[in-house]
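The structure under discussion appears below in the form of structure tokens.
The values are calculated or read from the model by the stated rules, or taken from the named source; none is laboratory data. Worth saying up front: this structure is predicted, and the values here are computed from it rather than measured. Cβ coordinates were reconstructed from backbone atoms using ideal geometry, including for glycine residues, and neighbour counts include every protein chain displayed.
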């Protein structure tokens, strides 16, 4: 898991520098702060979304939609019980590396903001 965290952090900072060079055509502190804000926010949003979906909060809603919008004949109890719920399907994704990477990117962004404004 630590290796996955390091890999995500490396991909994140590589993406920050690549976007800064390709989009802004230069590398300065303000561009680094702007891009790291969005990338760190994406990592944190993804980890929080996966956490909420894997907690089982939306299982009842998705199962109700499956029953209501089943094509053709109504579902039997066996067919309905054999379907995987959203929390079972998404529970394979580990969220802690995304959460830690997003937090580190945000922490470095805050340090860069302090340096930029001082």
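Things worth noting here:
- For region 74-115, the candidate set comprises residues that are farther than 17 Å from residue 5 by Cβ and modelled with pLDDT of 95 or more; within that set, the residue that is surrounded by the most Cβ atoms within 10 Å (Cβ to Cβ) is 109.
- Hits in region 42-64 - residues which are surrounded by 14 or more Cβ atoms within 10 Å (Cβ to Cβ), modelled with pLDDT of 95 or more and either out of contact with any helix residue (DSSP H, G or I) (no Cβ under 7 Å at 6 or more places or on another chain) or more than 19 Å from residue 96 (Cβ to Cβ) (or both): 42
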